[in-house]
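The values are calculated or read from the model by the stated rules, or taken from the named source; none is laboratory data. Remember, predicted model here, so these are calculated numbers, not experimental data. FYI the Cβ positions are ideal-geometry reconstructions off the backbone, even for glycines, and counts take in every protein chain you see. Surface accessibility is based on the protein's heavy atoms, side chains included, excluding ligands, DNA and RNA. Shrake-Rupley method; radii C 1.70, N 1.55, O 1.52, S 1.80 Å.
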Amino acid sequence: MEDIVEDILKAKDLVVVLENRVGHHYLESYQLSSVLMLGGKFWGKVRHVHPPVGNDDVYYSQPLSYAYSNFCDVVCSMSMGMNTRRYSSAFNYSRLDFLCKGSFKEIWNDSGCWDTSYLQQAVSSGMKLKVIIKSSSDLYLILPVHTLEVYQGMQKFALDTEFDGVPNILLDFNEMCVVDEKLKNTVKNLCMVDNISTQYIKNTSFFLLSFVVTSHSVEKRYIDEQGRIVTRSYPYQSVQIYSEVATLFS
């Protein structure tokens, strides 16, 4: 697992490979576009693109997302548009493995690397970009870049991450371990004839993964009490921008 953590901090793509336990067995895998990591423990989540088919509590126009962790046997499905979440037991899978793939290189950081020429090259080449933000509380946020504007002749840029989010409670790793124990007790007391999960939990508050990074600042978007999106300064220790490394095929 240490190799996975090291690869995540090199901005490599995180993937989860799953095999279901109940019913006809099949394999599936998901790209986990956003990663939240603290002390080697992490959540990796799928973009909000999963169809709500089969989820009667989710409105038909609201996509779902899933988050998987390496420290507790809990899978969290969520709808940010409906402020709702649900927990499932990872015991629903006979296999849940993480792997990293791809190759990325650092093209900018906030530790004296003010040259934006590599950023310009990455934008001009249409490369996939990621940003790694280390917060003041040692939380690593590895996020996909949605927009990068590089201002020519000014050594300045403005970067937006994808507009996404996770339930706030996922950042309380201790509380998620409590949820894990409750699900494990449920598994012990039930015959494994169906997937083990909770009902959808409404009125869930979300931690937005929407950041604005410039050459001199990091700001985060929040939802205020009136439901409006506001932008505030985010306390951080470091910022790194990574670009995918193109693979040439002969």
Of all residues in region 146-159 being of a type outside the set (Asp, Glu), farther than 22 Å from SER65 by Cβ and open to solvent by 50 Å² or more (accessible area, probe 1.4 Å), the one that is farthest from the chain's Cα centre (by Cα): GLY153
Looking only at region 2-26, count every residue that is within 25 Å of PHE91 (Cα to Cα), assigned to a loop (DSSP other than H, G, I, E, B) and either in contact with a strand residue (DSSP E or B) (Cβ under 8 Å, 6 or more places away or on another chain) or not small (Gly, Ala, Ser) (or both) and tell me the total. 5
Of (1) farther than 30 Å from LYS184 by Cα; (2) over 19 Å from the mean Cα position of the chain (by Cα); (3) open to solvent by 60 Å² or more (accessible area, probe 1.4 Å), ALA122 fails just (3)
Looking at SER137, is it among the hydroxyl-bearing types (Ser, Thr, Tyr), part of a strand (DSSP E or B) and within 22 Å of the chain's Cα centre (by Cα)? no
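Residue by residue, here is whether (1) in a helix (DSSP H, G or I); (2) buried (at least 20 other Cβ atoms within 10 Å of the Cβ); (3) in contact with an Asp or Glu (Cβ under 9 Å, 6 or more places away or on another chain); (4) in contact (Cβ under 8 Å) with a residue 24 or more places away in the chain holds:
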| residue | (1), (2), (3), (4) |
| --- | --- |
| GLY81 | yes, no, no, yes |
| ASP115 | no, no, no, yes |
| LEU141 | no, yes, no, yes |
| PRO144 | no, no, yes, yes |
Enumerate the strands (runs of 3 or more DSSP E) found wholly within region 160-250, keeping only those where 1 or more residues are crowded, with 16+ Cβ neighbours inside 10 Å. 165-167, 206-208, 211-214, 218-223, 236-244
Would you check if there is a residue in region 191-203 being in contact (Cβ under 8 Å) with a residue 12 or more places away in the chain and touching a Gly at 6+ places or on another chain (Cβ under 7 Å)? no
Restricting to region 83-113, give me the number of residues that are in a helix (DSSP H, G or I) and either in contact with a helix residue (DSSP H, G or I) (Cβ under 6 Å, 6 or more places away or on another chain) or free of Cβ contacts under 8 Å to residues at least 12 places away in the same chain (or both). 1
Subset of region 85-113 that is within 30 Å of LYS202 (Cβ to Cβ) and among the hydroxyl-bearing types (Ser, Thr, Tyr) - its residue that is surrounded by the fewest Cβ atoms within 10 Å (Cβ to Cβ): SER88
Among what's in region 27-43 and is assigned to a strand (DSSP E or B) and small (Gly, Ala, Ser), pick the residue that is surrounded by the fewest Cβ atoms within 10 Å (Cβ to Cβ). SER29
Can you name the residue in region 56-77 that is modelled with pLDDT of 95 or more and among the hydrophobic types (A, V, I, L, M, F, W, C) and, of all such residues, is nearest to PHE42 (Cα to Cα)? PHE71
Within region 1-26, tally of residues that are modelled with pLDDT of 95 or more, touching an Asp or Glu at 6+ places or on another chain (Cβ under 7 Å) and surrounded by fewer than 18 Cβ atoms within 10 Å (Cβ to Cβ): 1
